1. Most mobile of T257, T171, T313 per a Gaussian network model of the chain (Cα springs, under 10 Å)?
2. State which helices in the chain qualify, where a helix is a whole DSSP H run, it must extend 20 Å or more along its own axis by its Cα atoms, and its mean Kyte-Doolittle hydropathy must be at least 1.6.
3. Relative contact order of the range 75-295, please, whole-number percent, based on alpha carbon pairs below 8 angstrom and at least 6 residues apart.
4. Looking at the chain as a GNM with Cα springs under 10 Å, which of M129, M208, M168 has the largest mean-square fluctuation?
5. Classify the range 169-213: rounded, prolate or oblate, from the alpha-carbon gyration tensor (a ≥ b ≥ c, eigenvalue square roots; a/c under 1.5 rounded; otherwise prolate if a/b is larger than b/c)?
6. Below 8 Å, C-alpha to C-alpha, sequence gap of six or more: please give me the relative contact order for the range 55-134 in percent.
7. Report, by chain and number, residues whose modeled amide H sits under 5 Å from the one on N205, excluding near sequence neighbours (fewer than 5 apart, same chain).
8. Would you look at the GNM of the chain, springs on alpha carbons closer than 10 Å, and say which of A104, A40, A148 moves the most?
Amino acid sequence: MTDAALTSVRTALDRLLEAVLPPLVALLVSIVAGDLLILAVGQSPGAVYRLMLEGTWGNAYGFGQVLYKTTTFICTGLAVAVGLRAGLFNIGAEGQLAAGGLGAALVGLALPAGTPALVAVPLCTIAAMCAGGAVGFVPGVLRAKWGAHEVITTIMLNFIVLALLSWMLSTGLRVPETLHTQAVHAGALPRLSAWWSGFRGSAANGSMLIVLFATLFVDVYLFRMRGGFELRAVGLQPDASENAGIDVGRTWIRALTFSGALAGLGGINFVLGYEHYYEEGFATGAGFLGIAVALVGRSNPLGVVLAALFFATLSQGGLAINALVPKQMVDALQGVVILAMAASVPEVRRLLASTRKSAR
């Protein structure tokens, strides 16, 4: 094997290790921390983990619930990941997700009841993405035109958007004495239980397929298309990108709009696939958990899917183990995973760099 081929193999192996080792380290640290927390409340770690697996991956209903939560987490994780690739920190996925849900519900209510699914579902999905994208567009413009930091603007927009949606719901959209709209007339997605009876009772639905297709598109866009290259270039070196002829401000606007659209897409999981109406508060927590999903997934679409599956398992598992340990323990474990991930990334890079030096 030639020196060039050996160098190429080493580079590919380093990239693989850099991508795989940090999540593994974070997982091992979280397991150790979980053991200590479980022992602190007087329970057996083996019994708790066994109950968690039985309540999630061990039965069809639990696994269906994991898939349902994974679908939403993928959308909010991709939203944060796209922003991070552009050097932007989108913390507004919560409001963007809620806006997407209402956008899908409004179109579903406006369409006649007999509208074919091939027409209604795409229209509702586009409405969800447009609503989320519109919320993301605002901080993009504020950053590009006036230099307002997206962390501040996206956080503040969460409160503004959620308050605006609550007002819209209270002015005639909701069913009296409830916090939700009427059931959508068209655009409802089938539950997975319609295809396999084992999922009966779970909220998993056909929106998962739409979200997985969107994940594939994000991967192609980021790593195979010019727009994605410009977005990543701006995220790495905005000044150099500007000198190379890339419009940095326009790229920021495009990135945050695309980010918001991905978060808004998650709204169809609840509105079209689960309850078939918009309900105030359905997005609570999912937007902020998308930050953890994106960080653990290393802002890579495939990594985001795996991280979303992991956090969805923890979330559903927290309900399963509530009889033995406090559910808040799962929240603590999520924090441990994020901290371990943040600490392990530079450490893995340092070890790989020292290995390269010693190999020379």
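Coordinate-derived values only; no laboratory data. Quantities reported herein were computed from a predicted structural model and do not represent experimental measurements.
1. T171
2. 150-168, 207-224, 301-320
3. After rounding, I find 44 percent.
4. Result for the chain, Cα springs under 10 Å: M168 fluctuates most.
5. prolate
6. Relative contact order for the range 55-134 comes out at 25 percent.
7. Excluding prolines and chain starts, which carry no amide H, the hits are L192.
8. A40
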